[in-house]
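The values are calculated or read from the model by the stated rules, or taken from the named source; none is laboratory data. Small disclaimer: the values here were computed from a predicted structure and weren't measured. Heads up, the Cβs are rebuilt from the backbone with ideal geometry, glycines too, and the neighbour counts pull from every protein chain shown.
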Amino acid sequence: MSDKQYAVIGLGRFGLSVCKELQSSGAQVLAIDIDEARVKEVAPFVSQAIVANCTNEETVKELKLDDYDMVMVSIGADVNSSILTTLVVKESGVKSVWVKANDKFHGKILSKIGADRVIMPERDMGIRIARKMLDKRVLEFIDLGSDLAMTEIVIGHKLLGKRLCDLNLCKERDVQVLGFKRGPNLANAPSLDISLETGDVIIIAGPKTLLAHKLKNLS
Ligand code: ATP
């Protein structure tokens with residue numbers, strides 16, 4: 001549960017889904033869009049929903065967005081509005097502004113004008129799905145930046161009965177076993193002597209190339 005306050009500007013599919021998830025997790029959400037129909041659509045799911053053009057400095061000042069813990073700018077199709085809104089929101093004194101970008105260059109501009117975090121949902125989701133397609137044992141793959149990643153691997157019948165230490169996951173200093181899941185139980189410091197069962201899940205993190213190499217060796 002969260003008692004924090006968030007504002008989401010731009011209520012396309014991405015913005016809408018961010019709003020719903022934040023609110024259902026207990027946060028206070030202010031949803032904003034220039035389009036009244038989109039505001040009406042999200043209104044039942046959030047604390048407050050208003051129509052506003054966030055490229056306008058005066059409007060953004062009146063919204064007092066600097067009182068919010070975090071602001072998400074999720075305007076994709078109109079790149080000019082995305083950039084201008086980010087600039088205006090950042091200049092209004094909001095400490096943490098996360099922004100959705102369409103591509104690398106859009107993202108680069110957003111970083112230069114002060115976005116605290118740039119999100120590229122299509123790129124990130126594409127990478128995660130491709131990793132799962134390449135190896136069905138990979139349940140999840142999350143890019144951590146700086147060439148690091150975190151992945152969840154499900155244990156198949158080939159590794160049944162082996163111990164966690166037999167997988168040699170910790171031999172490389174850079175690869176870390178973050179957790180081990182069996183059914184509903186999660187251990188964040190699993191014993192390396194644990195005997196593996198089909199369906200167990202291991203959560204590991206490290207450099208991407210090293211993780212790929214480890215996965216290959218687990219076949
Ligand atoms: P997706 O639907 O996948 O999230 P997208 O970000 O391209 O993609 P759009 O449909 O373009 O989604 O949604 C962006 C939203 O941002 C639209 O609802 C649009 O009305 C809104 N918007 C655009 N400019 C402004 C602005 N200046 N101030 C507030 N909202 C804006």
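Can you tell me which residue in region 162-197 is modelled with the highest pLDDT, limited to those that are closer than 17 Å to E140 by Cα and among the β-branched types (V, I, T)? Among those residues, the one meeting the criterion is V177.
In region 7-27, the residues that are closer than 11 Å to V46 by Cα reach residues that are within 11 Å of the ligand (Cβ to nearest atom) and in a helix (DSSP H, G or I) with C-beta atoms within less than 6 angstrom, at least six apart or across chains, in these pairs: V8/G15; V8/V18; L16/V42; C19/V42. A count restricted to region 1-42 and to residues that are within 14 Å of the ligand (Cβ to nearest atom) and either of a type in the set (D, E, K, R) or surrounded by fewer than 15 Cβ atoms within 10 Å (Cβ to Cβ) (or both) stands at 11.
Out of the residues in region 85-136 meeting the condition of being of a type in the set (S, T, N, Q) and part of a helix (DSSP H, G or I), tell me which one is surrounded by the most Cβ atoms within 10 Å (Cβ to Cβ). The qualifying residue surrounded by the most Cβ atoms within 10 Å (Cβ to Cβ) is T86.
Determine if region 24-34 includes at least one residue that is closer than 21 Å to R123 by Cβ and touching a strand residue (DSSP E or B) at 6+ places or on another chain (Cβ under 9 Å). No, the conditions are met nowhere in region 24-34.
Listed here are the helices (runs of 4 or more DSSP H) enclosed by region 7-80 that have at least 2 residues being more than 17 Å from S96 (Cα to Cα) and touching a helix residue (DSSP H, G or I) at 6+ places or on another chain (Cβ under 8 Å): 13-24, 36-42.
Contact map, region 192-213: residues that are touching a residue at least 40 places away in the same chain (Cβ under 8 Å) paired with residues that are of a type in the set (S, T, Y), Cβ distance under 7 Å, separation 6+ or inter-chain. Pairs shown: I204/T151; L211/T151. Being touching a residue at least 60 places away in the same chain (Cβ under 8 Å) and of a type outside the set (S, T, N, Q) is the filter here, so list the residues in region 144-165 that pass it. Across region 144-165, the qualifying residues are L144, D147, L148, A149, I153, K158. The set of residues in region 132-158 being over 19 Å from Q176 (Cα atoms) and of a type outside the set (G, A, S) consists of K132, M133, L134, D135, K136, H157, K158.
Residues in region 61-92 that are more than 10 Å from the ligand (Cβ to nearest atom) and not aliphatic (A, V, I, L, M): K61, E62, K64, D66, D67, Y68, D69, T86, K90, E91, S92.
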